[in-house]
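The values are calculated or read from the model by the stated rules, or taken from the named source; none is laboratory data. Quick caveat: nothing in here was measured; it's all calculated off a predicted structure. Because the Cβ atoms are built from the backbone with ideal geometry, glycine has one as well, and the counts that use them run over all protein chains shown.
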Amino acid sequence: MADSRQDEPHVLLIHCHDLGQYLGCYGVDIETPTIDALADDGALFENHYVTAPQCSPSRGSLMTGRYPHVNGLMGLAHGSWELHEDETILPQYLGNNGYETHLFGLQHISQDTDRLEYDFVHSEGNLYPGVSPAVHQANRARNVADVVSTFLERGASDDPFFASVGFFELHRVEEENGRFGFDADHYDDDDPDGIRPLPYLPDRRGIRHDLAEMRGMVTAVDDAMASITDTLEATGLDEETLVIFTTEHGIAFPRAKGSCYDAGIEGALLMCGPRLPEGARYDELVSNVDVLPTLLEYVGLEVPDRIDGRSFAALLGDDASAGDGETSYEERERLFAEMTWHDMYNPVRAIRTERYKYIRNFWHLPEVYLTKDIFASESGREVRESYGTPPRAYEELYDIHEDPQEAENVAFEPRYAEIRNDLSEQLYEWMVDTDDPLLNGPVAPGDYDEITDWTHLDE
């Protein structure tokens, strides 16, 4: 292997929808042999969390290394939200430094694919997973993997490549009856009675039904990963390619996707490649805003000061950085998450430490917010009456050691008063330091001018 490739490995960033950590290597009762093998050959992060429990804002953080309210992507990219014009994203950082950049499958951070400046775009309809059956089909994991494998088999150019590979799964699909399910006609579902229930939801038939369907999509993702990793091995590119597998937020179930509870902001993160440890599992707190600076350091590029995240390359060992300077790992004591807009206004900010989660809610809404696809699902129907009636508290505090499912809000218990005040102060200071617009009042969507327009005044 050439020394130049040691310093500039190829990079495959593989990501999918709504997976969370629902994988065998994270302790779930499901067979995901390919992804588990990737973990065995590389590094797995047990406590990897994302900046937002929804697609575009979280993906924007992954691709910019900056929080959603900093980079401008505070809602869905196919809605009224876009990255600020001056934002630089991962393929641009790498493309400006000699990498050939490729987009396969979905991306969902901009309505204007040209704005992302990939050298090659290998997919159509790469913004939103729900626009048409044709887009579904083109961006299903197995089909995207076939295109990626063909690309790898053709052989790499003289330049290192970066490829963003986005799978449609595990996104729910609207069916003819208006229900949102997991497209069971295209996947092999499991037996609902043989599934371990979700610990943060009641064990009810509709929830088991949805889990059984969803698991077929997980299998499809693992099969697609097998196609890609087998091709890497067959072509010899596995020796000079960094493979990152991740997801943008938790699974599409109540109290997960769309919430800042751990089930909503947890994400898989696996890294396997040259100069990385094998079979390593890390329990340090890691945010997806940290992935970009880590990758830049790994390939020997300087991390810009404007990046919100911090590199954890040094955590991976002395060889994980290709830069000239010595770096040390600064362990996170806290991480932050947020939500502003999804299919409705739901402003939330949160801070998580190793032991505690403090959530600040800024709008008068039901106890648990259900995104449209979850509300109209079998799972949503099981819980939406109980979750939709009580108003949520403006402050929530959870002792994760004592209550890992975040079921008991202890914000107003006297014995937690000091913790509550401390985390409230830290969250507020972070919002001030990052110029969070939410501190100035409600944040309007991009179509606010249309909302406030009066027809009679235009005549």
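Evaluate the range 113-123: report whether one residue or more is surrounded by 17 or more Cβ atoms within 10 Å (Cβ to Cβ), in the same structural domain as residue 295 (by TED's automatic domain parsing) and at pLDDT 95 or above. Yes - at least one qualifying residue is present in the range 113-123.
Only one entry of 351, 307 meets the criterion of being of a type outside the set (S, T, N, Q) and either assigned by TED's automatic domain parsing to the domain that holds residue 401 or over 21 Å from residue 73 (Cβ atoms) (or both), and that entry is 351.
Screening the range 418-431 for residues that are surrounded by 13 or more Cβ atoms within 10 Å (Cβ to Cβ) and without any contact (Cβ under 8 Å) to a residue 60 or more places away in the chain and picking the one that is nearest to residue 338 (Cα to Cα) gives 428.
Restricting the range 310-354 to residues that are closer than 17 Å to residue 261 by Cβ and out of contact with any strand residue (DSSP E or B) (no Cβ under 7 Å at 6 or more places or on another chain), the residue that is modelled with the highest pLDDT is 353.
Return a yes/no flag: does the range 152-159 have any residue that is in contact (Cβ under 8 Å) with a residue 60 or more places away in the chain, buried (at least 18 other Cβ atoms within 10 Å of the Cβ), in contact with an Asp or Glu (Cβ under 9 Å, 6 or more places away or on another chain) and assigned by TED's automatic domain parsing to the domain that holds residue 102. No: the range 152-159 contains no residue that is in contact (Cβ under 8 Å) with a residue 60 or more places away in the chain, buried (at least 18 other Cβ atoms within 10 Å of the Cβ), in contact with an Asp or Glu (Cβ under 9 Å, 6 or more places away or on another chain) and assigned by TED's automatic domain parsing to the domain that holds residue 102. Scanning the range 36-59 for residues that are of a type in the set (Val, Ile, Thr) and either outside any loop (DSSP other than H, G, I, E, B) or modelled with pLDDT under 90 (or both) turns up nothing. Checked against (1) farther than 24 Å from residue 336 by Cα; (2) of a type in the set (Ser, Thr, Tyr); (3) modelled with pLDDT of 95 or more, residue 398 meets all criteria but (1). Any residue at all in the range 231-254 that's outside any loop (DSSP other than H, G, I, E, B), free of Cβ contacts under 8 Å to residues at least 60 places away in the same chain and not small (Gly, Ala, Ser)? Scanning the range 231-254 turns up at least one residue that is outside any loop (DSSP other than H, G, I, E, B), free of Cβ contacts under 8 Å to residues at least 60 places away in the same chain and not small (Gly, Ala, Ser).
Tell me which residues, restricted to the range 374-409, are surrounded by 18 or more Cβ atoms within 10 Å (Cβ to Cβ) and over 28 Å from residue 210 (Cβ atoms). Within the range 374-409, 397 is the sole residue that qualifies.
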